[in-house]
Amino acid sequence: MLRSWLYLGPLLFALSLPRGAYGQTLTAADTPNDHGKSITLSWTNPGPGTHVDQFNLFRSISSIGPFESTAVLKGEAHEYVDACEDLTNGTPYYYKIIARIESGDFEYPVAGPVVPEGQWFHTGKTVVLVFAVAFSFLVLLMIQRAREGRELYVRPIAGIDAVDEAIGRATEMGRPILFIPGISEASEVATIAAFTILGRVAQRTAEYQTRLVVPNVYATVMIIAQEVVKSAYLNAGRPDAYDEKDIFYVTSEQFPFTAAVNGLMLREKPATNFYLGKFYAESLILAETGFQAGSMQIAGTDELTQIPFFVAACDYTLMGEELYAASAYLSKDPLQLGTLKGQDIAKLIIVLVLLLGIIATTFGSDIVTKLLSIRL
C-alpha cells in the first residue's frame, strides 16, 4: 500500500498543477541589433513526443489581457520574431501561446513584460566599424602629411603626363584646344573631376596664350566652367586673355550636341581634344570625328561601357578611377592627394587580407572568414 502511494502521490500532485506548468517555457526578449519594434519569442515543446498541429500566438499590454492574436504557426516552429509597426518602443508587452495538440489546447504560462528598444550599434557589423575607422585614420593621416609638404608618391598615369604635351602641341600649331566636360549634370562626380582638370588646362593655356573652347550640354555646367576658366586665367596673371564666349552652352539634347561639336571640330581643327567626364553613346562619334580632324585626344570617363571606344579612338585614356586620380595629380591639392593616397593604402590592405584568407582556406582554416564575417 505504501509503495502504491509512492507512485501515485507525485502523479496526483502533477495533476493538481494548472495547465502549462509542466516545465514547458515561453520566453520573450527584445530582438537584438535592430531599430526596435521587434520582440523575439522562443518556446519548448508541450511534452516529449507530443505532436502539435499549430501554435497560436497572442500579445497584450497587460498580463491579464485582453490578448490579441498575432500569428498562427505550424507545429514544428519553436521561435518567432514579432516585428510590426503596431509595437511601440518603450512599451511593455506580454505574450502567451496556445498549442493545439491531440488531447486539446495546451496553454503556456504568460511571458513578460518585455520592452522593445532600438540599439544604436549592430554588433554583427563590428568588422565594418573597424575597417571604417581604419580607413578614416589613413585618409586623415595622408591629408595631414600632404599639408605638411611631404612628398606623396602617386603612380604615374600616361594620360595625365601627356596633358602638358597636348597643350604645348596646340600652342606650337597655333590651333585651339577643345575641352568637353562630359554630358551630365554638374553634380556628377565625374563632372566635378573634369572641372579640376579644366582648371589646370585653362591655367596652362593662359600662360601659353592658347585658345580654349569648352562647349557644354547644361547651362549649370557652363556657368561653373566659366568660373573655373576665369579663375585659372586670373591666377596665371592673364585675365585680359579670358573670353567668356569660348565657354558656351549648346543644347541639353545628347545627339544634337554631338552633331554641333562634330561640326566645330571639322571647322576649327583643334590641335587637342579633351573628353573628360560622363559620356554615353556619343563617345565614339566624338572621338572618331576628332581623329578625322587630326587632333591629339585625351579621354577619361567612369562609364565602363564607353572606355573601349575611347581606347580605340584616342591617344590616351583615363579609365575609371584614374579620372579622379587625375584631378588630385594635377591640382596637388592636399585634401585630394591625401584622400587618394589613403584609398590606395586601404586597397593594399584589403588585397593582403584577401590573400591571407585564401591561404588560410587552402590549408583548411576558416579563422579569417569568421573574423571578417558580417551578420545582418
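The numbers here are math on the coordinates, done by the rules we state, and not lab data. Note that the structure is a prediction, hence the values are computed from the model and not measured. Glycine gets a Cβ as well: all are built from the backbone with ideal geometry, and neighbour counts include every protein chain shown.
Could you tell me the relative contact order of the chain? Use alpha-carbon pairs under 8 Å, at least six residues apart, and round to a whole percent. Can you show the working numbers first?
Details: 664 pairs, mean separation 56.6, N = 376.
Answer for the chain is 15 percent.
For segment 132-176, trypsin sites (Lys or Arg not before Pro) meeting the loop criterion (DSSP other than H, G, I, E, B) and having at most 14 other Cβ atoms within 10 Å: Arg150.
Rounded to the nearest Hz, the phi-derived 3J(HN,Hα) couplings of segment 307-321 under the Karplus curve 6.51 cos²θ - 1.76 cosθ + 1.60 (θ = phi - 60°) are 4, x, 5, 5, 4, 6, 10, 10, 6, 9, 9, 8, 9, x, 6, where x marks glycine and proline. Among the DSSP beta bridges whose two residues both lie in the chain, what percent are antiparallel, rounded to the nearest 5? Counting DSSP beta bridges with both partners in the chain, the antiparallel share is about 60 percent.
Fewest neighbouring Cβ atoms within 10 Å first, the residues Cys314, Cys84 line up as Cys84, Cys314. Which residue, chosen from Ala162, Gly118, Gly364, occupies the Cα position most advanced towards the positive end of the dipole of the chain, where the dipole is computed from +1 (Lys, Arg) and -1 (Asp, Glu) charges on Cβ about the Cα centre? Going by the Cα projections, it comes out as Gly364. For Lys37, the amide hydrogen comes within under 5 Å of the amide hydrogens of Asn89, Glu117, counting only partners 5 or more places away or on other chains and with H modelled in the peptide plane. Helix 158-173 axis versus longest C-alpha principal axis of the chain: approximately 20°, rounded to the nearest ten. Between Ile247 and Val214, the built amide H atoms are under 5 Å apart, and every one of these is 5 or more places off in sequence or on another chain.
What value, in deg cm²/dmol to 500, does the helix sum -39500 (n - 2.57) over DSSP H runs of n ≥ 4 give at 222 nm once divided by the residues of the chain?
On the way: 11 runs with 167 residues, N = 376.
Dividing the helical sum by the residues of the chain leaves -14500 deg cm²/dmol.
Using the Karplus relation 6.51 cos²θ - 1.76 cosθ + 1.60 with θ = phi - 60°, the per-residue 3J(HN,Hα) values for segment 182-199 come to x, 10, 10, 5, 5, 7, 5, 4, 5, 5, 4, 5, 5, 4, 4, 5, 4, x Hz, with x marking Gly and Pro. A value for volume of the Cα convex hull per residue in Å³ was derived from the coordinates, and within the list (i) 146; (ii) 255; (iii) 134 it appears as (ii). Computed from backbone phi with θ = phi - 60° and the Karplus coefficients 6.51, -1.76 and 1.60, the 3J(HN,Hα) list for segment 130-143 is 4, 5, 5, 5, 5, 5, 4, 4, 4, 5, 5, 5, 5, 4 Hz; x is used for glycine and proline. Close amide H partners of Thr44, meaning residues 5 or more places away or on another chain with modelled amide H under 5 Å apart, are Thr25.
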